[in-house]
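The values are calculated or read from the model by the stated rules, or taken from the named source; none is laboratory data. These figures come from a predicted structure and were not determined experimentally. Here Cβ is always computed from backbone atoms with ideal geometry, including for glycine, and neighbour counts include all displayed protein chains. These area figures cover heavy atoms from the full protein model, side chains too; ligands, DNA and RNA do not enter into them. Shrake-Rupley method; radii C 1.70, N 1.55, O 1.52, S 1.80 Å.
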Amino acid sequence: MKTYDEVVDFHGHSCPGLALGYRVALRVLKEWGKPAADEEIVAIVENNSCAVDAVQVMTGCTFGKGNLIFRDYGKQVYTFIKRPSGRGIRITVDWKKPDETSQEKAMWDRYIKGERSARVVNFVHKRRSGRIRHILEADEKEIMSVTRGKEKLPDDAGVYKSIRCESCGEKMMEPRARIRNGRIVCIPCFEEK
Ligand SMILES: [Zn+2]
Ligand SMILES: [Zn+2]
């Protein structure tokens, strides 16, 4: 199993989002044992934050393999489904940030307003590492809720016919095609003003 430091290496920095994703992935691995070798676990992520990097590294569910599915709901929800059984775990992250003193709030305010004095920068670093530590050490119940059940497996990332955009001439997967003024076009050409 990957350590948090290895996840940080992949992601490029340590941050609260990554730490949350790490905890989510740990939770799944704790239950299911080992990362997916070849698509035995499918992950559906409902955001594209730092957390997803941790999920990819830890669980082996990646964009390229097609067993990481992004649904752009802007929610801290992660569903993992086992293939072929459809047995699933749905994890909702609900992390309550630690309370801050009014002095801490004032420091943060100064940072937001653009102050980069040594004192303010130092405070911000400490604040971030404190939060990361909090997430990594927190009791599971403090940061997430978990439900289990049968989940609907997403359609296989099937092999689609590729067709050519009648505007730019580039190829695209058939289900991504759009019609614009009666011509078959790709999404960028469709959305072009
Ligand atoms: Zn990050
Ligand atoms: Zn096009």
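Annotations for the structure displayed:
- Taken over the stretch 101-117, the criterion of being open to solvent by 50 Å² or more (accessible area, probe 1.4 Å) and either under 23 Å from the mean Cα position of the chain (by Cα) or under 20 Å from Cys15 (Cβ atoms) (or both) is satisfied by Glu104, Trp108, Tyr111, Ile112, Arg116.
Each row is one residue, and each column tells you yes or no for (1) within 30 Å of Pro84 (Cα to Cα); (2) open to solvent by less than 80 Å² (accessible area, probe 1.4 Å); (3) part of a loop (DSSP other than H, G, I, E, B); (4) small (Gly, Ala, Ser).
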{"position": "Arg119", "(1), (2), (3), (4)": "no, no, no, no"}
{"position": "Ser129", "(1), (2), (3), (4)": "no, yes, no, yes"}
{"position": "Arg133", "(1), (2), (3), (4)": "no, no, no, no"}
{"position": "Leu136", "(1), (2), (3), (4)": "no, yes, no, no"}
{"position": "Ile163", "(1), (2), (3), (4)": "no, yes, no, no"}
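- Among the residues of the stretch 170-193, those identified as surrounded by fewer than 10 Cβ atoms within 10 Å (Cβ to Cβ) and either within 16 Å of ligand 1 (Cβ to nearest atom) or in a loop (DSSP other than H, G, I, E, B) (or both) are Asn181, Gly182, Lys193.
- Considering residues of the stretch 143-152 that are loosely packed, with under 13 Cβ neighbours inside 10 Å and either closer than 16 Å to Ala51 by Cα or not β-branched (Val, Ile, Thr) (or both) only, the residue modelled with the highest pLDDT: Ser145
- Every condition in (1) surrounded by 20 or more Cβ atoms within 10 Å (Cβ to Cβ); (2) in contact (Cβ under 8 Å) with a residue 40 or more places away in the chain; (3) touching a strand residue (DSSP E or B) at 6+ places or on another chain (Cβ under 6 Å); (4) not acidic (Asp, Glu) holds for Ile69 except the one numbered (1).
- The one condition from (1) under 30 Å from Ala54 (Cα atoms); (2) modelled with pLDDT of 95 or more; (3) open to solvent by 80 Å² or more (accessible area, probe 1.4 Å) that Asp155 does not meet is (2).
- Here the condition is being modelled with pLDDT of 95 or more, open to solvent by 40 Å² or more (accessible area, probe 1.4 Å) and among the basic types (Lys, Arg); of Arg90, Arg23, it holds for Arg90 alone.
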